[in-house]
Structure formats: structure tokens, C-alpha cells
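What follows is a short report on a single structure.
The values are calculated or read from the model by the stated rules, or taken from the named source; none is laboratory data. Since this is a predicted model, take the numbers as computed values, not measurements. Because the Cβ atoms are built from the backbone with ideal geometry, glycine has one as well, and the counts that use them run over all protein chains shown. With ligands, DNA and RNA removed, areas are computed over all heavy atoms of the protein, side chains included. Shrake-Rupley method; radii C 1.70, N 1.55, O 1.52, S 1.80 Å.
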Amino acid sequence: MVFCIAMIHAGIGGALFAFLLWSLPGAIGMYALSLGIQKIPDKLPSIVYALLSGMNASTVGIIALAAVQLAEKAIKDRITRILVIFGACAGLCYNALWYFPVLIAIGGAATVIWDVWLHQKIGKMKAGYAAKRRRARNEAGDAEETTTTQNIPPAEELQVRRPEAVKRKAHAGSSTDRIVPDEEDAGPSRSQDRRSTEATAEATPVTDTRTHNISIKLGVSLIVGFLLSFIVVMVVRGTVNARGLVFDLFANMYLAGTIIFGGGPVVIPLLRSYVVDPGWVSPRDFLLGLAIIQAFPGPNFNFSVYLGALTLASTNVPTIFGALLAFLGIFAPGIILAVGVQSIWQVVRTKAWVLSLLRGINAAAVGLVFTAVYRLWEIGYLTPESSNGKSLAGEPWWVVVAALTYAETAWFNVPPAIAILLGAVLGLAWYGAVGS
């Protein structure tokens, strides 16, 4: 998401250069990690599992903090608050490859319906109800005032003074009065304020957002071309049986890069479904890479480089090819769509329904980050007997590690990389006290 905004406002060349600086160091590090993971045996010493469990517990704490911070930014009103809760609860109840994008689409449709139609209709109903209550109160007040006036004796009626709520000024040549403000000099003051505001507006520089725009024709062509390529890849993925592992890897990463809005922790449980469930990467290696990537620079999408290399480690294809293929597959959709949308963004961003759609999509995607916290919580505890992972709640110490990581990162500004290392140290401490 950050890269897409940079692409729109900074131009294609500058954004691509910034993207390479942002992602390449972490991607290279993750590929180097995959080369090391390929050399380690299937069965590890108990102390290594304790270290990994400490790192995984710290990762859960960091992602939980990210979920809270993203929710604070995504919640703008009641409907977005509801959608964050909806995304989190719905993501906890079911898990499938098609499920997350459907939840995100529902979030976008909900805000469009609310902003464009339902909110106005409810507002009119509330206004009508309030108007009826005012009329009822006014009618009751008029009836009470009439009754009271009729009961006042003439001598007392003469003593009732007319309230002077406002000043009145007579029209020239007329007996009709008109209401005027209490301060008759308000006119010149307002004129001065208006002139001051206009001068300030003229002095404020206007940001140039059109210089780097590409043509609308080229932008639309890129979007259409991407949609066609996505359809072709998905049709082949779902219908052709004689597919190779290389194509399946690219297709899964292409799908993940297309349907995940917001990136970050949301992509983690989806990637696990795409590479662990088919048996391409072991759960232990997945969790090891997940813990270490939190200490690496760059986006969480770099995790795909690690997974792509491990996927092709058991084949004759070089692992560097799997890393590049996964990198391209997961990053290409966002880059292509960002460049294509740039050409029409100046027009599209003025549409109220587009802004509503993006607001709802973002809120639902943030809710799924809480789902990622739960999914990782359930597989973060590793032992020699259960290298596939089990719930951190099985050992209270890992709950403490996750809570400490959350607190030290949120309240004491400890960098995530340092927090992960502290989690590893706490894992070793647990092994020294209990596991040995």
C-alpha cells in the first residue's frame, strides 16, 4: 500500500528505485537464509526448538501490535469499526484460499452501500422522527400557553413585558421591523476575515500531482492486460492437470499478490496455506523463516523469496529461479496496478463511491491481521515431538514472551529486530530452566 501511494505521487521511476532499495536487501537476506535452511537436518536439538519458539512468540507480539496500530488508522467511523470486527471474527471462523478476498470484497461493498444510500436514508428517517417530536412539543406548548393566557387577569396581563431577545430596526419608509445582529459592525469584520482567508489560500502552495502521470490509454492497457493474465493463470491453475511445480509456485504467489490488500501480516496465513498445505515447505521451516524475517529490512512480501527457494530445493531447478519467480509473482500485481491506476487516479479519487470502497476494503483487511495473530498463535510452539507447531497457550512462558514483546515495542520503542532477539534469549532461558 505504501509503495502504491509512492508510485502515484512520486512518479514511476522514483518509486521503482525506492522499491528496489526497500525490498532488495531483505530479499537477498531471505534467499541466503533459505540456502542455510536447506543444509540443516530434519531433527534438531531441543534447545533449537526452544529458541525458535521464543522467536515465534515474539513475532506474535509484534504482529498483534501491528494489528492494533492499523486498526487505529483504519477506523474512521462506526461502519469501519464494524468492518474491522467483522473481518477479524469471520477470519477466525473459517479458512480457505478463496475466503479472505471474499471478506475484503464484502467490506468494500458494505461501505459503498452505507455511504451512498443507507446512511442518507437513515438520516432522513431520523430527521423526520425528530421533526415529528418537535411539532408535538410545539403543539403541546402552544396549547398550554393559550390556557395560561386565558387565566391571567387583565391587571396582571398589563405587567407582562415583552422579552427583548433581539434588536429590531425599522425599514426606511415602512412600519415593518426586521431582525439585525447584536453587533452592527459584524459586516466589515467578516469581510476582513474573508479577505484574510483568501490571501492565505493564495499563499498556500498547491502540490503538483500531474507531472508524472502516464497517459490514460497506457494505464488502462496495463490494467486490462493484467486482468487478462490473471484470468489465464487462474484458469490453467484450476483446469490443467499436467502442471509443473514451477508453474504452481508462480500461480500461487501471483494469486496472493493480487488478492491481498494492505500486505503486511495479512499475507502470512495465506502464504502458509499456499506452500505448507501442499507439502512444498515444512511447517518448521516456514515458522523459522517467519521468525527471522521480522528482523530483516523490507516488506513481509520478501518472505516469498525464502518460500520459493525452499519449494524448488527438492527439484533439479536452481533455487535462485524459484526465489526470483516467487518475488516476481507476489510483487508484480501491485506494481502493475499502481502504474495503471496512476493515469486515472486524478479522476477516480474525486468519486465518492471509490473512496468509500477503499475505506471498506482497508477496514476488512485490517480485521484479517487479527486473524493472522490467531493463526500464528496456534502454531508457534515447537518441540521435537511436534515440529508442525502447536498453540503457544500450551506453555505459559510463551504467552509471557508474546506479551513482553508487545509491551516493549509499543511502550518502550524497542525495534522489532531487537525484540525478536530478546524473544530468542527468553526461549533459551526457558530451556535452561525447564527444558533441559
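For the stretch 357-380, the criterion of being in a helix (DSSP H, G or I), open to solvent by less than 60 Å² (accessible area, probe 1.4 Å) and among the hydroxyl-bearing types (Ser, Thr, Tyr) is met by at least one residue. Within the option set LYS43, LYS39, being within 26 Å of PHE301 (Cβ to Cβ) and open to solvent by 10 Å² or more (accessible area, probe 1.4 Å) holds for one residue only, LYS39. Output the residues belonging to the stretch 22-36 that are at pLDDT 90 or above, buried (at least 19 other Cβ atoms within 10 Å of the Cβ) and either more than 32 Å from the chain's Cα centre (by Cα) or of a type in the set (S, T, N, Q) (or both). The answer is SER34, and nothing else.
Here is a yes/no grid of residues against (1) among the aromatic types (Phe, Trp, Tyr); (2) under 26 Å from ASP285 (Cβ atoms); (3) open to solvent by less than 30 Å² (accessible area, probe 1.4 Å):
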{"residue": "GLY389", "(1), (2), (3)": "no, yes, yes"}
{"residue": "GLY394", "(1), (2), (3)": "no, yes, no"}
{"residue": "VAL401", "(1), (2), (3)": "no, yes, yes"}
{"residue": "PRO416", "(1), (2), (3)": "no, yes, no"}
{"residue": "GLY423", "(1), (2), (3)": "no, yes, yes"}
{"residue": "GLY427", "(1), (2), (3)": "no, yes, yes"}
{"residue": "TRP430", "(1), (2), (3)": "yes, yes, no"}
{"residue": "ALA433", "(1), (2), (3)": "no, no, no"}
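A search for C-beta distances below 9 Å between a residue of the stretch 301-317 that is without any contact (Cβ under 8 Å) to a residue 12 or more places away in the chain and any residue that is open to solvent by 40 Å² or more (accessible area, probe 1.4 Å), counting only pairs 6+ apart in sequence or on different chains, returns SER314/LEU245; SER314/TRP280. Every condition in (1) part of a helix (DSSP H, G or I); (2) open to solvent by 90 Å² or more (accessible area, probe 1.4 Å) holds for LYS76 except the one numbered (1). Scanning the stretch 79-131 for residues that are among the polar types (S, T, N, Q) and either at positive phi or open to solvent by less than 70 Å² (accessible area, probe 1.4 Å) (or both) yields a count of 2. Taking the criterion of being assigned to a loop (DSSP other than H, G, I, E, B) and either open to solvent by less than 10 Å² (accessible area, probe 1.4 Å) or touching a Phe, Trp or Tyr at 6+ places or on another chain (Cβ under 6 Å) (or both), the only residue of the stretch 299-346 that qualifies is LEU312.
Checking the condition within 30 Å of TYR31 (Cβ to Cβ) and in contact with a strand residue (DSSP E or B) (Cβ under 6 Å, 6 or more places away or on another chain), which residue from LEU325, LEU428, LEU421, LEU392 passes?
Answer to the check: LEU392.
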